[in-house]
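To keep things clear, I will list the structure first and then write my remarks on it.
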Amino acid sequence: MLQVNVSKDGNKAVLALTGRFNFEAHRAFRDAYSPLIGDAGVGTLVLDFRGVDYMDSSALGMLLMLRERLGGSGKTMSLNNCAGTVRDVLTVANFGKIFKIE
């Protein structure tokens, strides 16, 4: 089960993800980022993958949906602390061409 903790630092919102990022995480993930999209004080969303131990193709779809929702808002996003299998999944999917991955 995925847990998402949201914190704000200036105009940056950090979503710290912990657990398995898969289809079952859809609601928790959406509920965490949805209020941030309409928040004029947030310019950047940082997804912190430090605590993610598993990620599948449905998680990739959720990242693309978030990117699409941010599309016209002028907000940016980055994927941080990607390591191990998470980085492997992102690399195989060529997400480095779409997202800023750190």
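Here, each number is a calculation from the coordinates, and none is a lab measurement. Just so it is clear, the model here is predicted, and its values are computed rather than measured. Ideal geometry is used to build each Cβ from the backbone, glycine not excepted, and the neighbour counts take in all protein chains shown.
Data table
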quantity	calculated
Selection count, segment 68-90, where residues are of a type in the set (S, T, N, Q) and in contact with a Cys (Cβ under 9 Å, 6 or more places away or on another chain)	0
Among residues of segment 2-15, those that are farther than 17 Å from Arg67 by Cα and out of contact with any Lys or Arg (no Cβ under 7 Å at 6 or more places or on another chain), counted	9
Number of positions in segment 1-21 that are aromatic (Phe, Trp, Tyr) and over 13 Å from Ala59 (Cβ atoms)	0
Within segment 91-102, tally of residues that are within 12 Å of the chain's Cα centre (by Cα) and of a type in the set (A, V, I, L, M)	1
Of residues in segment 53-81 being among the hydrophobic types (A, V, I, L, M, F, W, C) and more than 11 Å from the chain's Cα centre (by Cα), the one nearest to Thr18 (Cα to Cα)	Met55
Residues of segment 1-59 satisfying the condition of being of a type in the set (Lys, Arg) and within 17 Å of Ala83 (Cα to Cα)	Arg20, Arg50
